[in-house]
Amino acid sequence: MSTGFDANTAYSMKDKVVIVTGGGTGIGKVYSQRLAESGAKVVLADIAADEANDVAAQIRESGGQALSVPTDVTDEDAVQAMADAAVKEFGGIDGLVNNASLMSVLPRGDWFEISVDRWDSVMAVNLKGIFLCSRAVYPHMQKRGGGSIVNISSGRIWEGNPNRLDYTTSKAGVVGLTRALAREVGDDKISVNAITPGFTLSETQMSSSSSNYLGGKDDGKCFKRPQTPDDLVGAVIFLLSGAAGFITGQTVNVDGGMYMH
Ligand SMILES: NC(=O)c1ccc[n+]([C@@H]2O[C@H](COP(=O)([O-])OP(=O)(O)OC[C@H]3O[C@@H](n4cnc5c(N)ncnc54)[C@H](O)[C@@H]3O)[C@@H](O)[C@H]2O)c1
C-alpha cells in the first residue's frame, strides 16, 4: 500500500543543486562537504575565494560535484552572477543555505563601542545578503516548481547574548525575514526555514575565542559536550529535503538542549 511517503527517497540530496553561502570555511565548509557526500551538486559562494576554491576542488577530487563562485553576498550583481553560474553549471537551483555571516571576525565588546560602519557591515552581510541571495535564486526555484531556503540564525537570539549587539540583532532579523518570506513564496512551493545553532566549535570560532570564553559553555545543555559543525548537518539536510516538504516559516534550535524553543 502506498502511503505517499517513501523513506528511501524523502531525505535524499541526490542531484539536488544546493548553494551554500560562506561555504569555504567554518561550518559552511562542513555543510558543503556533507551535502556533496550526500549526492548534492554544491555551489560554494564565499568571499573567501581561495578557501572556497580549495574546498570545491577537494570535493571534486573525492568524486563529488562542486562549483566555487567567489561571491560577496552584499553585492547584488555578484550574487546574480553566482546564481547564473550555478544554473549554467548544474541546470537549476533546488536549495539555498544562507550561512555567510560576519561573526568570527567581530571582536566581542561593549555595545557602546560598536562603530556605525561596523553595524552597517554586519547588517549588510547577515541580512541584506540573505535578501539578495534569496531573490537571485527565486526565479530558478519557481522554474523547478519549488525549492528550499535554509537561513542560519543563532542561538544568541534566545538568550539575548551581549557583547556582539550588532550580530545578535542581525540574527534576530533572520528569523523575521524567514517567517515573512515563507509567506511570500509559499504559493511557489518554496520553503523558508531558519536554524539557530548553539555555540559551535567551527575552526573560525575556535581561532576567535579565548580559552576563558570557551569555558563552561556546556553546563546548561542536556547533552553536556561541545557542539561541532557536524551536529548541525542533519537539520540542514532535513530542511532541504522532501521529508520537510510541509515545514516552512519555522526556526529549528540545534544546541544540545541549552534552550527549549
Ligand atoms: N560558530 C558558532 O558558534 C555559531 C553559532 C551560531 C550561529 N552561527 C552561524 O553559523 C554560520 C557559520 O558560522 P561559522 O562559525 O562558520 O562563522 P564564520 O564567521 O567563521 O564564517 C562565515 C563565513 O561567511 C563568509 N563571509 C563573510 N562575509 C561574506 C560576504 N560578504 N560574502 C560571502 N561570504 C562571506 C566567510 O568568508 C566565512 O566563510 C554563520 O551564519 C554564523 O553566524 C555560528
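Quick rundown of the values:
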{"quantity": "Count - residues of segment 16-43 that are out of contact with any Cys (no Cβ under 7 Å at 6 or more places or on another chain) and within 9 Å of the ligand (Cβ to nearest atom)", "calculated": "10"}
{"quantity": "Check on Ile93, among the hydrophobic types (A, V, I, L, M, F, W, C), within 19 Å of Val150 (Cβ to Cβ) and within 14 Å of the ligand (Cβ to nearest atom)", "calculated": "no"}
{"quantity": "Neighbours by Cβ (under 6 Å, 6+ apart or cross-chain): first from segment 144-157, among the aliphatic types (A, V, I, L, M); second in a loop (DSSP other than H, G, I, E, B) and within 7 Å of the ligand (Cβ to nearest atom)", "calculated": "Ile152/Asn99"}
{"quantity": "Number of the exception - Ala49 against (1) of a type outside the set (D, E, K, R); (2) crowded, with 19+ Cβ neighbours inside 10 Å; (3) touching a strand residue (DSSP E or B) at 6+ places or on another chain (Cβ under 8 Å)", "calculated": "(2)"}
{"quantity": "Test: residue in segment 101-115 that is at negative phi, of a type outside the set (Asp, Glu) and part of a helix (DSSP H, G or I)", "calculated": "yes"}
{"quantity": "Subset of segment 105-120 that is surrounded by fewer than 17 Cβ atoms within 10 Å (Cβ to Cβ) and either among the hydrophobic types (A, V, I, L, M, F, W, C) or within 18 Å of the chain's Cα centre (by Cα) (or both) - its residue that is farthest from Val73 (Cα to Cα)", "calculated": "Phe112"}
{"quantity": "Out of Gly22, Gly63, Gly92, sole residue that is surrounded by 17 or more Cβ atoms within 10 Å (Cβ to Cβ) and among the small types (Gly, Ala, Ser)", "calculated": "Gly22"}
{"quantity": "Residues satisfying the stated conditions in segment 183-202, i.e. buried (at least 20 other Cβ atoms within 10 Å of the Cβ) and within 16 Å of the ligand (Cβ to nearest atom)", "calculated": "Val192, Asn193, Ala194, Ile195, Thr196, Pro197, Gly198, Phe199, Thr200, Ser202"}
{"quantity": "Some residue of segment 143-154 being within 14 Å of the ligand (Cβ to nearest atom) and on the phi > 0 side of the Ramachandran plot", "calculated": "no"}
{"quantity": "Criterion violated by Ile47 - all others in (1) more than 22 Å from Arg135 (Cα to Cα); (2) touching an Asp or Glu at 6+ places or on another chain (Cβ under 9 Å); (3) hydrophobic (A, V, I, L, M, F, W, C) satisfied", "calculated": "(1)"}
{"quantity": "Failed item, numbered, when Val175 is tested on (1) without any contact (Cβ under 8 Å) to a residue 24 or more places away in the chain; (2) within 13 Å of the ligand (Cβ to nearest atom); (3) of a type outside the set (Gly, Ala, Ser)", "calculated": "(1)"}
{"quantity": "Hey, Ser209 within 8 Å of the ligand (Cβ to nearest atom) and either over 20 Å from the mean Cα position of the chain (by Cα) or under 23 Å from Gly28 (Cβ atoms) (or both) or not", "calculated": "no"}
{"quantity": "Residues within segment 213-261 that are among the acidic types (Asp, Glu), surrounded by fewer than 16 Cβ atoms within 10 Å (Cβ to Cβ) and under 15 Å from Pro197 (Cβ atoms), tallied", "calculated": "1"}
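Values in this text are rule-based calculations from the coordinates and carry no lab data. For clarity, every value in this text was computed on a predicted model and none was experimentally measured. Glycine also receives a Cβ, built like all others from the backbone with ideal geometry; neighbour counts cover every protein chain displayed.
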